[in-house]
Every structure is written in structure tokens, then in C-alpha cells.
Amino acid sequence: MLKEFKEFIARGNVMDLAVGVIVGAAFTAIVNSLVKNLINPLLGIFVGSIDFSNLVLTVGDAHFRYGAFINSVINFLIIAFVVFLLVKFLNRLLPAPKDETVEEPSAEEKYLQEIVDLLKKDNH
């Protein structure tokens, strides 16, 4: 079981995923800072302060802070839009990956390969 776990961890996909999660967390911190420190104050100049956190619905002893939820949704939309713009900018900045499609062998090449395989099989 330990051997299987070691093989699983050593796979390229798992390592790529781990790196992606770590870089994603760091990128999230950058985007959150960008939105909190630059985008929100800029929006505040034009729209004024947007804060719904004081909106509360009280039913009996339960307090439903739907204003905080609205703030979270607005922040999510702003962050998603900023990430969209960053990705779009990076896609323009970085060259597009080359399409390395493997050309399908012709029928003649397939037949020749079959002949070679048969000859190898007969020699063994």
C-alpha cells in the first residue's frame, strides 16, 4: 500500500495539481489585495460606499445577515471580473501554444508497419 501511495504521489498530475493549488492560493491573495486596495476604492469614488452588511432580517432569536451575503456576492463578481481581465491580458501577452498535432500515417505507411511487425514476430 505504501508503494502504491508513493507511485500515486510521484505521478506528474498530482505534482502539477499541488503546484497549481499553491500558486492559486498565492494568486488569490494578490487578486484579493488588488480588489480591496485598488478596485473597491476606485469604485467608491464613483458609486460611493457600498456596504450592505447592516441589513439583517430578524425572526425570533434568529438573525439573517443577508447584507453580508450581498457584500460577498458583489466582491465575488468584482474579483471574477478582475481575474477575467488578468487572464485576458496574460493571454495577449504570452504567445499561443503551438498546435502539435501528429499527422495520421498514410495507408501505405500503416501496411508497411504491419509488415515490419509481422517480420519481427516471425524472427522471435
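The values are calculated or read from the model by the stated rules, or taken from the named source; none is laboratory data. Bear in mind that the values here come from a model prediction, so they are computed numbers and not experimental data. Glycine gets a Cβ as well: all are built from the backbone with ideal geometry, and neighbour counts include every protein chain shown.
Worth a mention:
- For region 55-73, the candidate set comprises residues that are β-branched (Val, Ile, Thr) and part of a helix (DSSP H, G or I); within that set, the residue that is nearest to ALA29 (Cα to Cα) is VAL73.
Per-residue answers, yes or no, for (1) among the basic types (Lys, Arg); (2) modelled with pLDDT under 85; (3) exposed (fewer than 11 other Cβ atoms within 10 Å of the Cβ):
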site	(1), (2), (3)
LEU57	no, no, yes
ALA62	no, no, yes
PHE69	no, no, no
ILE74	no, yes, no
PHE84	no, no, yes
LEU90	no, yes, yes
GLU103	no, yes, yes
LEU112	no, no, no
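- The listed residue being more than 30 Å from ILE9 (Cα to Cα), modelled with pLDDT under 85 and exposed (fewer than 10 other Cβ atoms within 10 Å of the Cβ), out of ILE79, ILE45: ILE45
- Filter result (of a type outside the set (Lys, Arg) and part of a loop (DSSP other than H, G, I, E, B)) within region 79-113: LEU94, PRO95, ALA96, PRO97, ASP99, GLU100, THR101, VAL102, GLU103, GLU104, PRO105, SER106
- Residue identified as free of Cβ contacts under 8 Å to residues at least 40 places away in the same chain and assigned to a helix (DSSP H, G or I) among PHE76, PHE52: PHE76
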